[in-house]
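Undergrad: Got a structure for you, written out below as structure tokens; questions coming shortly.
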Ligand SMILES: Nc1ncnc2c1ncn2[C@@H]1O[C@H](COP(=O)(O)OP(=O)(O)O)[C@@H](O)[C@H]1O
Ligand SMILES: [Mg+2]
């Protein structure tokens, strides 16, 4: 294990030199807190998701949450969505591809801040929307906490933090999707990109040909 990348309310993230398939790979280790996690907030993302809808103790809920993030990442990764490749999980620990270089994590959009204006903002926005679309159509998932905080930029945007993502048949999936789109539209509007929430929503869920 190497240095601390992030200490959050629900989880800490560390750097680690990992081995996967006999090869050395840089990894991010996400460790969910078992004492201070907001267990109740997790309920609306667990119940209603038919893969995980059963009642459990608080500690088991964290383990379930860790498994849920792993499986969400796996589904997204297999669908070709740009997310960290998941490697393994056990209890409250998740191992995944490290997004960054030389042990330094790539910045999130919120960390880049104003300097984003000097980049190809339109290109970045459309890449993100492509990912959201693939996530919905191929992986059949809605991220449900998508914002500038959970998108890193390593040449291309990389979507992270998928514990709360739900299958598209979750009762609140469409509400979550609309909120995700609203967050993105709001953030990119400040960077001069005009876009229409409703139109993006239709494009994501629509019966179009490009699945
Ligand atoms: N795979 C990864 N590679 C490198 N850094 C990561 C990775 N996943 C998360 N991080 C870093 O850790 C921070 C927190 O991770 P995140 O999954 O968003 O957890 P939370 O928001 O629940 O604390 C991110 O903002 C990012 O800086
Ligand atoms: Mg996050």
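Undergrad: Bins of 10 Å, beginning at zero and ending with the bin holding the largest distance: percent of Cα pairs per bin for region 136-181, please.
TA: 29, 53, 17, 1
Undergrad: What shape does region 161-202 have by the C-alpha gyration tensor, where a ≥ b ≥ c are the square roots of the eigenvalues, rounded means a/c under 1.5, and otherwise prolate means a/b greater than b/c and oblate the rest? Please list the in-between numbers first.
TA: Numbers: a/c = 3.78, a/b = 1.81, b/c = 2.09.
It is oblate, given that a/c is not under 1.5 and a/b is not larger than b/c.
Undergrad: Let me ask something else. Given the options 184, 146, 116, state which has the largest fluctuation in a GNM of the chain using a 10 Å cut-off (strictly under) for Cα springs.
TA: 116
Undergrad: Convert 10 °C to kelvin, take the viscosity as 1.306 mPa s, use the Kirkwood radius over C-alpha pairs of region 4-101 as Rh, and evaluate the Stokes-Einstein diffusion coefficient in µm²/s, rounded to a whole number. Intermediate values should be presented prior to the final figure.
TA: Details: Rh = 14.2 Å.
Translational D for this selection: 112 µm²/s.
Undergrad: Shifting gears a bit: What is region 106-205's relative contact order, in percent, from Cα pairs under 8 angstrom and six or more apart in sequence?
TA: Once normalised by length, the contact order is 32 percent.
Undergrad: Still on this structure, please answer the following. Want the number for residue 169 to residue 104: 0.36 nm per residue separation, take away the alpha-carbon distance, what's left?
TA: This chain segment gains 19.7 nm when fully extended.
Undergrad: Sorted from fewest to most neighbouring beta carbons within 10 Å, what does the list 132, 142 look like?
TA: Taking fewest neighbouring Cβ atoms as first place, the list is 132, 142.
Undergrad: Given R₀ = 25 Å, FRET efficiency for residue 120-residue 205 by Cβ-Cβ distance, to 0.05? Each step should come with its number before you reach the end.
TA: Working: r = 27 Å, r/R0 = 1.07.
Efficiency, from the Cβ-Cβ distance: 0.40.
Undergrad: Multiplying the sequence separation of residue 9 and residue 78 by 0.36 nm and subtracting their Cα-Cα distance, what value in nm do you get?
TA: Length gained, residue 9 through residue 78: 22.0 nm.
Undergrad: Quick one: order 98, 70, 47 by neighbouring beta-carbon count within 10 Å, fewest to most.
TA: In order of increasing Cβ crowding within 10 Å: 47, 70, 98.
Undergrad: Per DSSP H run of at least 4 residues, take -39500 (n - 2.57); add these up for the chain, divide by its residues and hand me the 222 nm value, nearest 500 deg cm²/dmol.
TA: -10500 deg cm²/dmol, from helical runs alone.
Undergrad: Between the alpha-carbon centers of region 1-36 and region 144-211, tell me the distance in whole angstrom.
TA: A separation of 26 Å, based on Cα centres.
Undergrad: Can you give me the Kirkwood hydrodynamic radius for region 106-205, using every pair of distinct Cα atoms, in Å to one decimal? Before the final figure, lay out the partial values.
TA: Working: mean 1/r = 0.0737 Å⁻¹.
After inverting the pairwise mean of 1/r, the radius is 13.6 Å.
Undergrad: Stokes-Einstein at 25 °C, 0.890 mPa s, Kirkwood radius from Cα pairs: D for the chain in µm² s⁻¹? List each step's numbers first, then the result.
TA: Numbers: Rh = 17.7 Å.
Approximately 138 µm²/s, per Stokes-Einstein.
Undergrad: Per 0.36 nm of contour for each residue apart, how much would the distance between residue 178 and residue 16 grow if the chain were fully extended, relative to their Cα-Cα spacing?
TA: Extra length available between residue 178 and residue 16 comes to 54.8 nm.
Undergrad: If you don't mind, there's one more thing I want to ask. Got the relative contact order for the chain handy, in percent, Cα pairs under 8 Å and 6 or more residues apart?
TA: Contact order relative to length: 18 percent.
Computed from the coordinates by the stated procedures, all read-outs in this text should not be read as laboratory data. Note that the coordinates shown come from a computational prediction; the quantities given were computed from them, not determined experimentally. For neighbour counting, all protein chains shown are included, and Cβ atoms are generated from backbone atoms with ideal geometry for every residue, glycine included.
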